[in-house]
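Here's the structure, in structure tokens; my notes come after.
The values are calculated or read from the model by the stated rules, or taken from the named source; none is laboratory data. Model, not experiment: these values are computed from the prediction. Because the Cβ atoms are built from the backbone with ideal geometry, glycine has one as well, and the counts that use them run over all protein chains shown. Please note that ligands, DNA and RNA were not included when accessible areas were found on the heavy atoms of the full protein model with its side chains. Shrake-Rupley method; radii C 1.70, N 1.55, O 1.52, S 1.80 Å.
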Amino acid sequence: MSYSTARRALAALLGLAGLAPLALGQVYSTAPDWTSLDMQVSTGAALVDLNRDGWLDLVVSNGNDISLQRVVVYYNDGTGQLERSPSWQSANTAYHGHLDVADVNADGWPDVAVGILLAQGGTSARLYMNNNGVLNTTASWSAPVSGDTFGVSFGDMNGDGRPDLAVASGEAYNNVPKRNCVYLNVNGALSPTVSWETATTKNFNTCIWLDRDRDGRLDLCYNGSNTDTFVYRNLGTSLETTATWRTNDIRNQFCLMATTGDVTGDGLRELILADNNQLFSGSGRFRQYNGLAAGNYNTTANWTYLDGYTAAVFLGDINNDNKLDLCSGEWFGRSRYFLNNGTGFAAASSWQSAGTSTVERIYLGDVDNKSRRVKAAEFSGSSKLVHLPTQPVEDVLKVVVDGVALPRSQWCASREFGWVSIGVTPASSVRVVYVASASLDMAISNWDDTKPNQLYYNKTTPPCAADINGDGFVNGDDFDAFAEAFDAGDETADFNIDGFVNADDYDAFAEPFEAGC
């Protein structure tokens, strides 16, 4: 069907009336909408479409430093409901820490890496490869260095477009510091030996990759365990071994989690930490360090919130106002969110859960497929690192550099933070095709084995799916935008997100357009 034919047909049918958007409602109920039947010492968690059926699944690592347990997957049943008992579990048991997800071998299927605590099994991390939608039950790679590892994070240290794995190790309770390290991805497999390590031993809880100085290279943030939080700058193909930036306001943080994103609206990304006050002199506060125009962050926090055993932070636009909101969790307490007022967060939370739990990880994603859309972002210049206008994203489908689509082996991406790292230097342009949602549900892992893992569905009314240009109205401009993309076979016309642009997408668009949502 051509653009002109489609335009005339739908115009005649619908009259192209403009329709106003619906008002926003409450984001989450105070009680979870889904809970797992199994109650384990759940620690790491991520929402990801493991079997590529178009629905997000929940992968969870269990054990922490309490019990030998397994990595498990709660699959989505295809209606937006997670199974209440996991139908996949690893053969390996371990004291599992946190996990991260990336396509290590560039086959299009997301793989799962997990940290190992208490130096169990002589390794600090394991990798489970995805075999056409099902994770292998035994690990295909184990880190060769033993270490008490609570956190792992995928990033691209050497700029080749492949995901490398950082591990955060050290045991602060008994002061057993480690040299923290990165394992490079070499031709689709993690290195059997350490590729980079810190100059000195330290105790770190978790880590994330971010572009601290906005030079188009991923730096590595290590979150302090009875020490400061440090950021190791990327020098081009490796990292500095002694960090040149660190926090200096709370010198003995017990930072369990970090996140990053532009919450002040100035185009600079902030660093937000969950500084737990367990045992050490941590502040018991969520702590926000604002980004600076010259690069780096403030070394003292610009915003804090006292919550005692602070544990988890995650940024996402949960009320669909184009501003990043903060979801947080604590041990033995309540989950909260802080709505962004345009320049940051208020002194009090905007919402809290009715019940308490022992939160380890929060992850946002559209579990019930309420508002997923294929989008495209265009970038000019020669940077090998780009940040999508949305975080988190559901998936990254395609990366085009200077008009040429790259194979998956030449790019990697972060769903949580929305960055894409490219293995070739663009001459002038980058185009990224990705899936994003305006209806983010909140999954929570809980390490109190008398309580379940939880999921809160987003209760707000998302923008009409037919509002292609995002102006708040459904009218002829939206049909023009859709029909033009449809006629060109552009991926953004893949309305049902099945990987093809065809008549099914026209029908999928016409239904909400006709109804006006």
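What the phi angles of region 30-38 give under the Karplus curve with 6.51, -1.76 and 1.60, with θ = phi - 60°, is a coupling list of 7, 10, x, 8, 9, 9, 6, 6, 6 Hz, glycine and proline written as x. Be a star and scan region 307-334 for residues whose amide nitrogen sits under 20 Å from the point 7 Å along the Cα-to-Cβ vector of residue 343. Residues passing the 20 Å test: 321-326. Local charge for residue 286 was computed over the other residues whose Cβ lies under 14 Å away, with Lys and Arg +1 and Asp and Glu -1, and equals -2. At an R0 of 41 angstrom, the distance between the Cβ atoms of residue 200 and residue 488 translates into a FRET efficiency of 0.15.
Please state the relative contact order of the chain as a whole percent: Cα pairs under 8 Å, 6+ residues apart? Computed value for the chain: 14 percent relative contact order. Placing dummy labels 7 Å off each Cα toward the beta-carbon, the span from residue 496 to residue 132 is 2.4 nm.
Distance from the alpha carbon centroid of region 237-254 to that of region 53-89 works out to 34 angstrom. The distance separating the Cα centre of region 206-236 from that of region 401-431 comes to 21 Å.
With Cα atoms defining each centre, region 279-309 and region 100-144 are spaced 32 Å apart in the structure.
Full extension of the chain between residue 68 and residue 504 yields a length gain of 152.2 nm, computed as 0.36 nm times the residue separation minus the alpha carbon distance. Rounded, prolate or oblate: which one fits region 152-254, using the alpha carbon gyration tensor with axes a ≥ b ≥ c (rounded when a/c is under 1.5, else prolate when a/b beats b/c, else oblate)? Verdict is oblate for region 152-254. Shape call for region 64-208 from the C-alpha gyration tensor, a ≥ b ≥ c root eigenvalues: rounded (a/c under 1.5), prolate (a/b greater than b/c) or oblate? Oblate. Placing a label point 7 Å from the Cα of residue 268 along the Cα-to-Cβ direction, no residue of region 375-406 has its backbone N under 18 Å from that point.
For the pair residue 300 and residue 471, the difference between a 0.36 nm per residue extended length and the Cα-Cα distance amounts to 57.7 nm. Approximating the spin labels as points 7 Å out from Cα along Cα→Cβ, the residue 249-to-residue 215 distance works out to 2.6 nm. The charge dipole of region 344-449, taken about the Cα centre with unit charges on the Cβ atoms of Lys, Arg (+1) and Asp, Glu (-1), comes to about 520 debye, rounded to the nearest 20.
For region 304-450, the relative contact order works out to 26 percent when only alpha carbon pairs closer than 8 Å and six or more residues apart are counted.
Across the chain, Cα-Cα distances exceeding 39 Å account for 20% of all pairs. Evaluating 6.51 cos²θ - 1.76 cosθ + 1.60 at θ = phi - 60° for every residue in region 183-193, the Karplus couplings come out as 10, 5, 8, 10, 6, x, 9, 6, 4, x, 10 Hz, glycine and proline recorded as x. Label positions at residue 480 and residue 81, each projected 7 Å from the Cα along the C-beta direction, are separated by 4.4 nm.
Entry note, the chain: the mean residue ellipticity at 222 nm calculated from DSSP H runs of n ≥ 4, each adding -39500 (n - 2.57), is -2500 deg cm²/dmol after division by the residues and rounding to the nearest 500. All other residues whose Cβ lies under 14 angstrom from that of residue 444 are scored, Lys and Arg at +1 and Asp and Glu at -1, for a net of -1. Normalised by 2.2 N^0.38 Å, where N counts its residues, the alpha-carbon radius of gyration of region 397-505 equals 1.39.
The accessible surface of the chain, taken with every protein chain in place and a 1.4 Å probe, is 48 percent carbon and sulfur. For residue 427, project a label point 7 Å along Cα to C-beta. Then give me every residue of region 401-415 with its amide nitrogen under 19 Å of that point. Output list for this probe position: 401-407. Note on residue 241 and residue 279: the extension gain reaches 10.8 nm, defined as 0.36 nm multiplied by sequence separation minus the Cα-Cα distance. By the beta carbon rule, with partners counted only under 4.7 Å, the chain holds these lone Cys residues: 181, 207, 221, 255, 327, 412.
Straight-line reach from residue 384: taking Cα to Cα under 30 Å and skipping same-chain neighbours fewer than 8 places apart, the lysines in range are 323, 375, 398. Take every pair of alpha-carbon atoms less than 8 Å apart whose residues are at least six positions apart; their mean separation over the length of region 217-368 yields a relative contact order of 16 percent. Let me check I've understood the local charge: for residue 184, count other residues with C-beta under 14 angstrom from its C-beta, Lys and Arg +1, Asp and Glu -1. What total comes out? Once all neighbours under 14 Å are counted, the net charge is -3.
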